[in-house]
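> Have a look at the structure that comes next, please.
The values are calculated or read from the model by the stated rules, or taken from the named source; none is laboratory data. Just so you know, these numbers come straight off a predicted model, no measurement behind them. As a convention, Cβ positions derive from the backbone with ideal geometry for all residues, glycine included, and neighbour counts pool all protein chains shown.
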Amino acid sequence: MSVRVRNLAVDYSVSDGTAHALRDISFDIPEGEMLGLVGESGSGKSTVAFALMGLLANNATVTSGSAEIHGRTYDLTRPGATTALRGRGMAMIFQDPMLSLNPVFTVGRHLLEVLRRRHPETDRKSRLAMAEDALAKVKLGDPKRRMSQYPHELSGGMRQRVVIAMALLAEPTLLIADEPTTALDVTVESQIMRQIIGLRDRIGCAVLLITHSLGVVTSYCDRIAVLYAGERLENGTVGAVQAHPGHPYTRMLLDCEVPLERERLPLTTDNRFTVIAGDLPDPRQRPPGCIFNGRCDVSFEDCARIVPADYPVDDSRGHSARCLRLRSPL
Amino acid sequence: MSRSPGAIARFVASRLASVLLTLFGATVLLFLMVRLVPGDFASVMLGPRATPALRAQIVHEMGLDRNVVEQLWLFVSRAVTGNFGQDVISHRPILDIVLEVIPNTLALAFSALALALVAGIPLGVVAALRPGSWIDTILALLSISFITTPTLVVSIILFLIFAIGLHWLPVAGAGDAGSPLDQLRHLILPSIAMALGWVGYISRLVRASLLDTLTELHVRTLRAYGVSELRIVGIFALKLALVPVVSILGIGLGDLIGSSVVVEIIFARPGIGSLIFNSIAQRNYPVVQAAVIFIVAFYIIANLVVDLINAMLDPRIGKSLTARDG
Amino acid sequence: MKALVGTLRRICSERDGRLGLLFSVVVVLFALVGPLVSPSPNAIDVKARFEPPSVTHLFGTDNIGRDLMARTSAGTRYALVLAVTIVLISSIVGSLIGISAGVLGGWYDRAVTAIFDIINAFPPLILAFALIALYGTGPVTFILLITVVFIPQFGRMARARAQALRSQSFIEAERLLAVHPVTIALRHFLPNVAGPVIVLASMNLPVVITFEASLSFLGFGVQPPKSSLGTLIKDGFVSINQSWWPTVSAAIVLAIATLGATLLGEALRRVIDPKTTGVR
């Protein structure tokens with residue numbers, strides 16, 4: 001049973017008006033697959049996650065959108081629409097494992113709290129066993145001891161495994177991983193990603209992986225959605241998009257072939273990475289026409305006037321992109 | 001593991017050393033304070049009661065015929081063993097006099113502290129649940145009035161209401177020694193008078209600390225896993241938010257013991273405060289010295305206990321404390 | 001002057017600040033204006049003992065027929081003068097000791113810190129009480145003794161600030177250039193410590209007012225013929241069974257004074273030193 005998100009739009013009220021963080025975002029994640037939602041910082045990718053979880057900041061409103069999870073459709077514009085799903089149908093792994101656990105409660109207490117919600121019918125003893133089992137599954141050695149440890153006694157990677165264990169215990173239909181490796185050492189990245197994939201295969205959930213790293217998407221994901229300035233520009237299987245990027249932005253991203261965040265560029269003098277010139281458009285005032293027009297290297301007159309629809313690149317593989325160059329000739 | 005018994009023992013031992021040093025310093029200061037009063041020391045100590053026989057007794061007892069350093073040594077070494085000499089008025093050991101009244105004051109201070117916590121924490125939680133709401137505004141104004149109204153004023157108002165107006169609760173004494181219920185009834189008004197300021201103080205502190213904590217990311221984690229808002233605020237955020245609250249309880253106890261003088265006088269309760277007051281009025285300085293040493297010791301130990309509780313509440317503190325001396 | 005106006009404006013921009021200013025101004029005005037609208041505080045009228053509030057005696061009269069409004073006003077004035085003097089002296093002396101300890105370091109610093117620690121080992125009111133009981137109750141003695149109790153607070157804060165400042169590069173540079181330590185202290189340390197000291201002083205004002213009232217209530221503060229809020233409460237309390245009004249009027253003025261001073265102090269803290277927290 002796949003997860004479907006339709007027409008998600010989110011506004012932030014800021015001091016000088018309304019910022020449109022997301023506009024008309026739709027995507028599907030088939031059961032047991034991982035969708036990589038990729039975009040630079042400020043593209044609104046985390047907003048997608050928090051809109052689904054119902055954990056947006058107070059100044060944010062979902063102006064349209066629905067989500068179909070486990071065969072039921074949730075109206076995301078209704079506050080608390082998915083509250084009942086948290087910890088059951090949905091679980092989340094966060095960006096900063098150093099801060100995502102309560103420092104005065106043990107690892108075990110965090111896991112037990114998830115079980116208390118997920119399996120209220122169980123007794124303490126079986127919950128303890130389940131929690132220890134989960135820690136073992138995410139390859140945290142000596143689970144019994146870990147249970148009584150406090151977050152500050154663990155490294156960042158270990159803490160992220162604890163959160164993955166929490167997600168494992170929640171057995172969600174949809175798992176959202178918001179930049180799960182960004183705050184961690186590069187050497188830990190593959191281990192954590194392997195744990196997330198292991199979790200997905202174990203419970204067969206759909207995974208929404210939010211990242212700025214195209215490399216992570218191409219290595220681990222089945223599908224990719226490219227987000228730019230609050231709009232989804234391209235969508236398809238990783239293989240199809242890699243082979244024939246439908247949108248100039250995706251092509252430029254693939255050309256960069258390195259993570260988008262500048263600080264992760266290696267300090268070599270001969271780096272030949274292209275950098276996409278220009279800045280994100282003002283989120284308060286969407287420019288007319290294509291959102292990427294200002295930075296596009298292949299734009300033409302229509303791009304400044306007409307907002308592109310989602311045109312198929314390769315219908316058979318569900319690959320589409322929002323670029324006027326894909327319009328079928330009339 | 002940061003909280004092994006050995007680590008805690010080391011932490012206590014190192015703190016105990018500094019505590020003993022401060023206590024020693026306080027004892028010396030107290031000795032000097034009395035010793036430096038201008039005039040003939042024996043007369044100062046005896047005040048209007050000075051007869052030649054008493055003078056000779058006190059000169060001998062306190063070693064006034066020896067030099068100041070020896071006197072200090074005598075004073076400190078006796079204080080350590082609890083030997084504060086004989087009271088020249090009642091001819092009883094001063095230690096007995098002090099120990100007799102201390103339970104009253106401790107009962108008062110701890111019931112006031114308990115009251116402050118029991119009322120202050122929930123009020124703070126309620127205010128933090130809806131920051132900016134009318135209930136938060138009312139609680140804020142209430143808290144600040146509680147904090148700023150001097151204990152003296154609260155005591156007098158309570159005394160007036162219950163002594164002159166209603167007669168529900170007793171306003172004088174500590175109650176019948178044989179009847180715990182009567183003692184409890186006598187405790188109510190004075191402990192409210194002492195606690196009120198701390199109710200406001202603790203509620204403000206809990207509110208601010210809780211609001212801070214609720215912005216932290218681990219709260220979002222629990223929300224994402226469906227933990228109810230009540231459990232998040234009331235258990236997970238509150239425990240973290242109580243760390244700074246516990247830190248000030250040591251100061252709180254000192255403040256409460258300090259205000260016991262005022263409260264015990266107004267409600268005519270026997271206690272260390274009224275003992276000091278009466279002894280000062282009689283210029284019975286040896287008793288004052290002994291009582292103040294007890295208060296200082298209690299104050300210092302209370303602060304030590306508070307540190308320990310905090311180390312247990314927040315394992316990170318325990319770690320840094322043991323790391324410092326290990 | 002400009003800074004003062006700016007500070008006042010920012011204090012008035014929030015509810016608590018406005019309230020604090022209002023209460024403080026009302027109390028100060030009451031202290032100043034009282035004698036003009038009321039008879040002399042010491043005029044005895046034995047025929048009018050324990051009179052309830054009326055047009056001639058807004059606050060009523062006491063046990064020997066003295067006008068309570070005039071007495072409370074005079075008592076407020078004296079209490080404020082005492083408290084402000086105590087706070088001024090202890091903040092100045094405390095900062096100087098603290099800065100010198102922080103700048104000089106070494107055994108001097110250790111000795112000062114140890115003395116501060118020892119003084120802080122006493123519950124403040126108990127220490128003040130013991131000191132006054134031992135060394136007398138004249139106004140000057142009273143001020144000096146209470147000052148001793150409050151100096152460590154200012155000293156510790158100033159010392160911490162000075163220490164933080166000492167390691168800053170521009171201070172190091174001046175020291176290398178052999179600028180006289182006193183010059184450095186005056187040029188850098190004093191201005192940097194001034195803000196927090198002013199905040200701490202204003203936060204301590206209501207505490208000192210309460211101290212004075214409590215000690216005077218116990219008979220160890222202000223002595224007759226002078227009267228303060230504390231002595232008025234005490235005098236009223238003695239005859240509380242005949243009339244509760246004398247005690248209550250002074251107690252209410254005391255409560256308003258501490259409320260106003262606290263709110264004002266907190267508003268001042270938010271304006272001058274927004275980083276620091278702390279409720280009292």
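> Pick from segment C:128-140 the residues that are out of contact with any Phe, Trp or Tyr (no Cβ under 9 Å at 6 or more places or on another chain) and facing another protein chain (nearest Cβ under 8 Å): which of them is farthest from C:GLY230 (Cα to Cα)?
Applying the filter and picking the extreme gives C:TYR135.
> Same structure, new question: What are the residues in segment A:116-147 that are basic (Lys, Arg), closer than 22 Å to A:ASP201 by Cβ and surrounded by 19 or more Cβ atoms within 10 Å (Cβ to Cβ), if any?
A:ARG118
> Yes or no: segment B:201-219 includes at least one residue that is at the interface with another protein chain (Cβ under 9 Å from one of its Cβ atoms) and within 18 Å of the chain's Cα centre (by Cα).
There is at least one residue in segment B:201-219 that is at the interface with another protein chain (Cβ under 9 Å from one of its Cβ atoms) and within 18 Å of the chain's Cα centre (by Cα).
> Enumerate the pairs (first residue in segment A:182-210 and at positive phi; second residue anywhere and of a type outside the set (A, V, I, L, M)) with beta-carbon separation below 7 Å, excluding pairs fewer than 6 apart on the same chain, so at least 6 apart or on different chains.
Qualifying pairs under 7 Å: A:GLY204/A:GLU31; A:GLY204/A:GLY32.
> In addition: If a residue counts only when it is within 8 Å of chain B (Cβ to nearest Cβ), which helices (runs of 4 or more DSSP H) contained entirely in segment A:75-179 have at least 1 such residues?
Where helices (runs of 4 or more DSSP H) fall fully within segment A:75-179 and carry at least 1 residues being within 8 Å of chain B (Cβ to nearest Cβ), they are A:107-118, A:156-170.
> Next question, about the same structure. In the set C:THR258, C:THR247, which member is at the interface with chain B (Cβ under 8 Å from one of its Cβ atoms), modelled with pLDDT of 80 or more and closer than 20 Å to C:LEU22 by Cβ?
C:THR258
> Restricting segment A:45-74 to residues that are of a type in the set (A, V, I, L, M) and surrounded by fewer than 21 Cβ atoms within 10 Å (Cβ to Cβ), which is nearest to the other protein chains (Cβ to nearest Cβ)?
A:LEU55
> I'd like the residue in segment A:21-65 that is touching an Asp or Glu at 6+ places or on another chain (Cβ under 9 Å), small (Gly, Ala, Ser) and free of Cβ contacts under 8 Å to residues at least 60 places away in the same chain and, out of all such residues, is farthest from A:ALA321 (Cα to Cα).
This residue is A:ALA60.
> Kindly provide the set of residues from segment A:3-44 that are surrounded by fewer than 16 Cβ atoms within 10 Å (Cβ to Cβ) and assigned to a strand (DSSP E or B), ordered by number.
Within segment A:3-44, A:ASN7, A:SER13, A:VAL14, A:GLY17, A:THR18, A:SER26 qualify.
> Follow-up. So A:ARG202 fits all but one of (1) surrounded by fewer than 21 Cβ atoms within 10 Å (Cβ to Cβ); (2) farther than 25 Å from A:THR82 by Cα; what number is the exception?
(2)
> Using the structure shown, decide if C:SER95 is hydroxyl-bearing (Ser, Thr, Tyr), more than 23 Å from the chain's Cα centre (by Cα) and either surrounded by fewer than 24 Cβ atoms within 10 Å (Cβ to Cβ) or within 20 Å of C:GLY195 (Cα to Cα) (or both).
No; evaluated as a whole, the condition is false for this residue.
> With (1) surrounded by fewer than 23 Cβ atoms within 10 Å (Cβ to Cβ); (2) more than 19 Å from B:THR148 (Cα to Cα); (3) within 12 Å of chain B (Cβ to nearest Cβ) as the list, and C:LYS226 as the residue in question, which single condition is left unmet?
Going through (1) surrounded by fewer than 23 Cβ atoms within 10 Å (Cβ to Cβ); (2) more than 19 Å from B:THR148 (Cα to Cα); (3) within 12 Å of chain B (Cβ to nearest Cβ) one by one, C:LYS226 breaks only (3).
> Answer yes or no as to whether B:GLY173 is under 27 Å from C:ILE126 (Cα atoms) and outside any helix (DSSP H, G or I).
For B:GLY173, the condition - under 27 Å from C:ILE126 (Cα atoms) and outside any helix (DSSP H, G or I) - is met.
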